[in-house]
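To keep things clear, I will list the structure first and then write my remarks on it.
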Amino acid sequence: MDDTCIFCRIAAGQARAEIVHEDELAVAFKDTSPQAPVHILVVPRKHLTSLAEAGVKDGALLGHLLQVGGEVARAAGIGQGFRTVINTGPSVGQSVFHLHVHIMGGRRMGWPPG
């Protein structure tokens, strides 16, 4: 855990968030600046700065994050259509440097997304 990281603090129960799922590997909570009617973040309890930092040893964890993303999307009523986004680096919009998966839905989304 990185004591300065807000997502580490949320995962440890030291910062407030509207949690919708938690287990031994991950925590999912509503985004405080939602970009869609449903906007949930899925974060690993393990601090990884970004997807670029993840290695082969993190494969099962990465799969788990996506599996949790599907679960929270279904629970939120958007299981039939949602967007999954992982930003890596400030040039593409990563603003919290702890790996996180955005689960967004509840409105029509265009393509390409940027």
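Please treat every number below as a calculation from the coordinates, not as lab data. What you see is a predicted model, and the numbers here were worked out from it, not measured in a lab. Positions of Cβ are generated from backbone atoms using ideal geometry, with glycine treated the same way; all protein chains shown enter the neighbour counts.
For this structure, a couple of remarks:
- ³J(HN,Hα), Karplus 6.51/-1.76/1.60, whole Hz, each residue of the stretch 27-33, x for Gly, Pro: 9, 10, 8, 5, 5, 7, 10
- Axis of helix 59-75 versus longest Cα principal axis of the chain: the two differ by about 40°, to the nearest ten degrees.
- Within the chain: Cβ-based charge dipole about Cα centre, in debye rounded to nearest 20 (Lys, Arg +1; Asp, Glu -1): 380
- Annotation: peptides 87-93, 60-66, ranked by per-residue average of other Cβ atoms within 10 Å with the highest first, follow the order 60-66, 87-93.
- Long-range HN-HN contacts of Asp31 with modeled amide H, under 5 Å: His39, Ile40, Leu41
- Residue-wise HN-Hα couplings along the stretch 82-87, as the Karplus relation 6.51 cos²θ - 1.76 cosθ + 1.60 with θ = phi - 60° gives them from phi, are 8, 9, 10, 10, 10, 8 Hz; Gly and Pro carry x.
- Near Leu61, once Lys and Arg are set to +1 and Asp and Glu to -1 for all other residues with Cβ below 15 Å from its Cβ, the sum equals -2.
- Amide H contacts of Ala26 (H built 1.01 Å from N, under 5 Å, at least 5 apart or other chain): Arg45
- Contact order normalised by residue count of the chain, Cα under 8 Å, 6+ apart, percent: 29
- Amide H contacts of Leu99 (H built 1.01 Å from N, under 5 Å, at least 5 apart or other chain): Leu48, Thr49, Ser50
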